[in-house]
Structures are given as C-alpha cells and as structure tokens.
Ligand SMILES: CC(C)(COP(=O)(O)OP(=O)(O)OC[C@H]1O[C@@H](n2cnc3c(N)ncnc32)[C@H](O)[C@@H]1OP(=O)(O)O)[C@@H](O)C(=O)NCCC(=O)NCCS
C-alpha cells in the first residue's frame, strides 16, 4: 500500500495535481518559484537540453561522472526520476525563465535526502538557491513526517557548503569517497565516517533536524 505522500508525488508527476512553491527572500518577498518536473516535460526538448548542459558543466560536483546527452537525460527522467518512489526534482524559475533545480530523493518514514541543487543561470537574487532550499525544506517538513533531512556535499565544493549552511544544515560528518569505475564511468561511493579515502577525496553528510527549525 502506498502512503499518502507517495500518492501525492505520483499525482504531481502525472500532472493530475499541481504544485508551485514560492521562493521568498528574508523579507517574505517572492523572488521566484519552483515547480516539479512532470511527465509533460518529457516532450520539452529545450528543457531537457538545459538539464543536460548543466549536468555536463558541473560533473565534478556529483557522485556519478558520465557524459550526459539529451537522450540519456530523458531516459533518466522517464525510467528513474519518475519511477523511483520518494523522489522529485523541482525546476526553479525567475520571471518565468528556468534557471536551475533542487530536489529530494530516498524519502523514507523518518528522513529524506535533499539533492541535485543546480544553478544553471545566475539570473535572479544572489541567494536564490538558499531560499529555494529553504522552501523545499519547509515543504518537506510540512507535508511529510520526516524528522531529519540529509545532504551530501563534496568537501571541496565551497559554494554548496556555504549554501547548505545558510539553508540551516548543522550536523556535519566527514566521509571518505572511494572511486569505482564501471563501464567507463566513475562513481564515488561513500565510505564510513572517520576512515581514509584511497583517492584523497572526501564529502560531508549534513543533517537538518525538524526540531532545530
Ligand atoms: C551549489 C550551487 C547550487 C550554489 O548556488 P549559489 O548559492 O547560487 O552559489 P554562489 O556562487 O552564490 O555561492 C554560495 C556561497 O559560497 C561562496 N563561495 C562560492 N565559491 C567560493 C569559494 N571558492 N571560496 C569561498 N567562497 C565561495 C559564495 O560567495 C556564496 O557566499 P555568500 O552567500 O556568502 O555570498 C551552485 O554553485 C551550483 O549550481 N553548483 C554546481 C552544482 C553543484 O555543485 N551542486 C551541488 C551538488 S552537492
């Protein structure tokens, strides 16, 4: 039996329910909005091209390294993003122009992973991504029963670390990254806290508790 939040996610992805999250600055003024990717976007090649270009431009900051193509991005949307429970990617808009995205995955009873932050275009408020992250955190705590939200950040990704601090993440643990090459693609696996990375690369696991809000 699917729980009510998964039923809501399914309806949103299928386009039978609409979700728009306003992105507000610290004074409460709207500086943009977020809307989830839905099956309708499978027929929007321009958007798929943007997702593909942004992923390739920022490959080094993600745990899986591969050359994105529009076809691969579309397949990922159709077969992974829209089919894996507990996952959504929300596009970020400023003046109706799409400038980036932010999402979540691995939504479980107690926790969820905030994921896939991307500023593809610098248009809009300098703190747009921080405010977008806050809007998503607020929605997750309001709509789901999770007690905490996690995020993984490469230890050398200063912009993402600064952004996450401002979103409110406060628990930080350092984990080694271990590279695994499969079919010519590098995947970084996350090792146990406190152990060494054979590749001298590390990431932080960040935590944001409902009670610290
Ligand atoms: C992560 C990301 C979404 C953050 O977006 P953003 O908040 O618009 O990023 P900014 O460039 O404003 O940087 C955020 C902060 O880090 C600071 N910063 C960025 N690079 C820095 C550096 N090398 N040294 C010191 N500070 C740095 C910025 O000055 C800013 O600080 P401020 O808010 O106090 O002004 C964006 O950098 C991005 O799309 N990166 C590529 C994808 C990515 O890494 N995603 C995260 C995967 S975990």
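Would it be correct to say that residue 206 is within 13 Å of the ligand (Cβ to nearest atom) and over 22 Å from residue 9 (Cα atoms)? Break it down into steps so the answer makes sense when it comes.
Working: within 13 Å of the ligand (Cβ to nearest atom): yes; over 22 Å from residue 9 (Cα atoms): yes.
Yes: the conditions hold for residue 206.
Find the residue count for the range 81-112, including only residues that are without any contact (Cβ under 8 Å) to a residue 12 or more places away in the chain and at negative phi.
1
Each row is one residue, and each column tells you yes or no for (1) over 25 Å from residue 151 (Cα atoms); (2) within 14 Å of the ligand (Cβ to nearest atom); (3) at pLDDT below 95; (4) in contact with a strand residue (DSSP E or B) (Cβ under 8 Å, 6 or more places away or on another chain).
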residue: 8; (1), (2), (3), (4): no, no, no, no
residue: 20; (1), (2), (3), (4): no, no, no, yes
residue: 36; (1), (2), (3), (4): no, no, no, yes
residue: 44; (1), (2), (3), (4): yes, no, no, no
residue: 47; (1), (2), (3), (4): yes, no, no, yes
residue: 50; (1), (2), (3), (4): no, yes, no, yes
residue: 53; (1), (2), (3), (4): no, yes, no, no
residue: 63; (1), (2), (3), (4): no, yes, yes, yes
residue: 69; (1), (2), (3), (4): yes, no, no, no
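Return the pairs, sorted by first residue and then second, in which the second residue is near the ligand (Cβ under 6 Å from one of its atoms), the first residue lies in the range 148-159 and is touching a residue at least 12 places away in the same chain (Cβ under 8 Å), the beta carbons are less than 8 Å apart, and the residues are 6+ apart or on different chains.
Final answer for the pair search is 153/160; 154/61; 154/160; 157/61.
Could you please give the count of residues in the range 150-164 that are more than 12 Å from the chain's Cα centre (by Cα) and more than 6 Å from the ligand (Cβ to nearest atom)? First the steps, then the outcome.
First, the residues of the range 150-164 that are more than 12 Å from the chain's Cα centre (by Cα): 154-159, 161-163.
Pick out the ones that are also more than 6 Å from the ligand (Cβ to nearest atom) and you get 154-156, 161.
Going through the range 150-164 one residue at a time, the tally reaches 4.
Do we have any residue at all in the range 1-18 that's at positive phi and in contact with a helix residue (DSSP H, G or I) (Cβ under 9 Å, 6 or more places away or on another chain)?
Looking for residues that are at positive phi and in contact with a helix residue (DSSP H, G or I) (Cβ under 9 Å, 6 or more places away or on another chain), one finds at least one in the range 1-18, hence yes.
Just wondering, is there one or more residues in the range 84-99 that are modelled with pLDDT of 95 or more, near the ligand (Cβ under 9 Å from one of its atoms) and under 19 Å from residue 53 (Cα atoms)?
No: the range 84-99 contains no residue that is modelled with pLDDT of 95 or more, near the ligand (Cβ under 9 Å from one of its atoms) and under 19 Å from residue 53 (Cα atoms).
Output the number of the condition that residue 123 fails; it satisfies all remaining conditions of (1) more than 10 Å from the ligand (Cβ to nearest atom); (2) assigned to a helix (DSSP H, G or I).
(2)
Say we look at the range 147-203 and pick out the residues that are assigned to a strand (DSSP E or B) and touching a helix residue (DSSP H, G or I) at 6+ places or on another chain (Cβ under 8 Å); which of these is surrounded by the most Cβ atoms within 10 Å (Cβ to Cβ)? If you could, list the steps in order and put the result at the bottom.
Quick first cut of the range 147-203, residues assigned to a strand (DSSP E or B) only: 148-154, 171-182, 185-190, 202-203.
If we keep only those that are touching a helix residue (DSSP H, G or I) at 6+ places or on another chain (Cβ under 8 Å) as well, we get 148-149, 151, 153-154.
Working: 148: 15, 149: 26, 151: 23, 153: 22, 154: 18.
Residue satisfying both the conditions and the ranking: 149.
The values are calculated or read from the model by the stated rules, or taken from the named source; none is laboratory data. Keep in mind that this is a model prediction, so the values were computed, not measured. Positions of Cβ are generated from backbone atoms using ideal geometry, with glycine treated the same way; all protein chains shown enter the neighbour counts.
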